[in-house]
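Okay, so here's the structure we're looking at.
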């Protein structure tokens, strides 16, 4: 959720990370040492906790909040992913005022809900988060609708048993400091979100090119890169979301699949988040990928989070 950078548009075809099927070795014997303030690792295949560090300590979560934003939208009864949403100037004004990460949505453009989910999760667009909250919240005013949407986020957290989590924002930009979670709670959310095939498709995508209708009937091309550098760097990585804030520090919710084994994890406040995530994944898979991993670089002008 860092300050927005210059945004570039191109017409190169989008690409989705291909994950090779690998045999899953036994778990490594010794848990790694990591610098994260809090962390958690969970094996989806066996429903087993693999690792925890201050896993019940409440911390700010920055843009990993957007996992819940997406989850609430995808949980909407009768959801039409092809529903068109018109971009309002208020969304752009909000991003400019906050110096927030952006999908660079242009006023008057019409994007589908599916496209907004990509704009939310890949470049960590706070404008896309605003658009979704405004669309799926209830009320007569934009303020009422976003407040309603945040209420839905907290209701879903309660339903999932996230007892140490609270949302006061639809994107992780907290005005009160009451936007917090724990590594264990955030792992619960990741486990829930990854049940959605749409969510899985979005968060494993390294780059996408989308076309929207402008207010004058033309076509605008949006090119978004995933801020999660673990994708394309760690063999088997399939998501999930980055987050960075002054109070939260660098955060990462991650997942990887090798063979029949899928693990999800959370790292909160860690300047070495990618290396430490790789160490945890190596611990789960009994491998040594972290020692040779070279992080995928983002092109000039792409959002950072």
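Compared with the dominant principal axis of the Cα atoms in the chain, helix 142-159 is inclined by about 20°.
Inter-label distance, residue 77 to residue 292: 5.3 nm, where each label sits 7 Å from its Cα along the C-beta direction. Mind telling me which of 124, 246, 35 comes out most flexible in a GNM of the chain, alpha-carbon contacts under 10 Å? Result for the chain, Cα springs under 10 Å: 246 fluctuates most.
Per-residue ellipticity at 222 nm, computed for the chain from helices alone with -39500 (n - 2.57) per DSSP H run of at least four residues, works out to -8500 deg cm²/dmol. How big is the gap, in Å, between the Cα center of region 215-267 and the Cα center of region 83-114? Centre-to-centre (Cα) distance: 20 Å. Sorting 133-145, 227-239 by their mean Cβ neighbour count within 10 Å, with the most densely packed peptide first, gives 227-239, 133-145. What label, among [x] -0.71, -0.78, -0.93; [y] -0.60, -0.71, -0.93; [z] -0.50, -0.60, -0.85, belongs to log10 I(q)/I(0) by the Debye sum over Cα atoms at q = 0.10, 0.11, 0.13 Å⁻¹ computed from the structure on display? After the calculation, the listed value that fits is [z]. In terms of the mean number of neighbouring beta-carbon atoms within 10 Å, the peptides 254-263, 194-203 order highest first as 254-263, 194-203.
Rounded to the nearest 10 degrees, the inclination of helix 273-285 to the longest alpha-carbon principal axis of the chain is 50 degrees. Per-residue packing, averaged as other Cβ atoms within 10 Å, sorts the ranges 175-187, 293-305 into the order 175-187, 293-305, beginning with the highest.
Applying 0.36 nm per residue to the separation of residue 57 and residue 209 and subtracting their alpha-carbon distance, the gain on full extension is 50.9 nm.
Compute the helix-to-body angle for 126-136: its Cα long axis versus the longest principal axis of the chain, expressed 0 to 90° and rounded to tens. With rounding to tens, the tilt is 70 degrees. Straightening the chain between residue 246 and residue 260 buys 1.3 nm, computed as 0.36 nm per residue apart minus the Cα-Cα spacing.
Name the shape class, rounded, prolate or oblate, that the alpha-carbon gyration tensor gives for region 36-96, where a ≥ b ≥ c are the square roots of its eigenvalues, rounded holds for a/c under 1.5, and otherwise prolate holds if a/b is larger than b/c and oblate otherwise. It is oblate, given that a/c is not under 1.5 and a/b is not larger than b/c.
Bear in mind these aren't lab numbers, they're just calculated from the coordinates by the rules spelled out. Fair warning: this is a prediction, and the values are worked out from it, not measured in the lab. Positions of Cβ are backbone-derived with ideal geometry, glycine not excepted, and every protein chain shown enters the neighbour counts.
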